[in-house]
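Since the structure comes first, as structure tokens, the remarks are kept for the end.
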Amino acid sequence: LTVTPTPTVLSPVPALPRLLVWQTVQVRFDFVERACEAQWTTNAQPVPCPGTTPGPGFVATDQAQAVTGHWLVEAPLLITQPGTAYPLGLALFGSYPPFQVHTGDTFRAMIVCPLYAACQAKVGLDYWDAQGQYHTTPWRWNHTLDMGIQILQVNLDSLAGQSLRFILRVEYADPLYEPIILWIQPHIAGSEPPVPSSEEGVVVGTVDFASAPPYLMDDPVLGGPAPVQVVAFGQNSGQRFWTLTRPKDPRFFLRLPPDTYTFVAYGPPLPDGSRAMVAYTGDHPACGQPLQPLTLSPGQIYSLTLNNWNTCASSVPWPALPPGIP
């Protein structure tokens, strides 16, 4: 008797949904592109870049990674892991080449744990000045697995006019957790609007916070004004583009392919899950109006203001914050 085995058919592994990373329209300094120009060290020994074997005291770059929350990130990434014990040290420092800071420059990044990594660490941004003095800043962020994707943003106006060597740092926090951290698009963005191209247009916008809900001005978690995510909804392509702004710097820039767009900005969620939202509904909005579409052509610059907050009862539906935007 010959028994023919029945082949096992494996179900296909579903593709991870893609995380929509913010649009970097004017990058003045790219911490991923220049990662191996930096001098990397733990507080005990030098670290090669790129590293070849992940483990304590490691840095490398990548263009795609699966991250906590089962998202696929396709963007410039910096993979960092500090030392975890003697003699490897308990931190990781990357000292970058000198950079001339301009008024309006902003440090931006997102940090997250790799998929299936129970990570926990403290990250920060410090700098060396032109005289070789190390400056420890208050720009520190604790990151844990349950925080998902954490957005970092620092206005650098207080450093304008100086030539500085910025330092990315990652510190070991807890022996029960892995300290590996992914940095998504760490960069310094400029304040000048981008120049449109023959293939794209530019939107130069402002969020009007004058009539915003009070909690956006004094977010208890952040201890200050809360950021809002500005999203451009492509009506024909279905594409979504987003960036970040806040009350202290309400301007935003988006470089967009030709399409017809609507624009909505979203505040942090309230305990009941709702969000303050503000939208572009025309040059002279009234509460409850529908979104005003804007058709953008290549080479065109369009200015607009989002100033219609959802602070009144209205039956006009506005889109919810799309999935994939942290």
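Each reported figure results from applying straightforward, stated rules to the coordinates on display, with no laboratory input. None of the values given here were measured: they were computed from a predicted structure. For neighbour counting, all protein chains shown are included, and Cβ atoms are generated from backbone atoms with ideal geometry for every residue, glycine included.
Our note on the geometry: Cα centres of region 34-92 and region 232-267, 32 Å apart.
Under a 5 Å amide H cut-off, with hydrogens placed 1.01 Å from N, THR281 pairs with GLN292, ASN307, ASN308 among residues at least 5 apart or on other chains.
Annotation: the residues TYR96, TYR172, TYR116, sorted from fewest to most other C-beta atoms within 10 Å of their own C-beta, follow the order TYR116, TYR96, TYR172. Modelled spin labels at LEU72 and ARG251, positioned 7 Å past Cα toward Cβ, are 3.7 nm from each other.
What do you get for Rg/Rh over region 205-310 if you use C-alpha atoms and the Kirkwood form of Rh? Rg divided by Rh gives 0.97. To the nearest 0.05, what FRET efficiency results for ALA118 and ASP62 with a Förster distance of 25 Å applied to their C-beta separation? After rounding to 0.05, the efficiency reads 0.80.
Along the axis of the charge dipole computed for the chain (Cβ charges of +1 for Lys and Arg, -1 for Asp and Glu, origin at the Cα centre), the listed residues PRO290, CYS119, PRO193 are led at the positive end by CYS119. The Cα atoms of the chain cover 85, 64, 44 Å along the three principal axes, with the biggest extent listed first.
Calculated translational diffusion coefficient of region 77-223 (10 °C, 1.306 mPa s; Stokes-Einstein with Kirkwood radius over alpha-carbon pairs) equals 91 µm²/s. For the pair SER303 and THR137, a Förster radius of 41 Å applied to the C-beta separation gives a FRET efficiency near 0.75, rounded to the nearest 0.05. For the chain, the dipole from Cβ point charges (+1 on Lys and Arg, -1 on Asp and Glu) about the Cα centre works out to 120 debye, to the nearest 20. Given R0 = 41 Å, the distance between the Cβ atoms of THR53 and THR103 translates into a calculated FRET efficiency of 0.45. Here the label points at SER158 and GLN45, each 7 Å from Cα along the C-beta direction, are separated by 3.6 nm in the simple model. In a simple Cβ point-charge model (Lys, Arg +1; Asp, Glu -1; nothing else charged), region 173-310 has a dipole of about 180 debye relative to its Cα centre.
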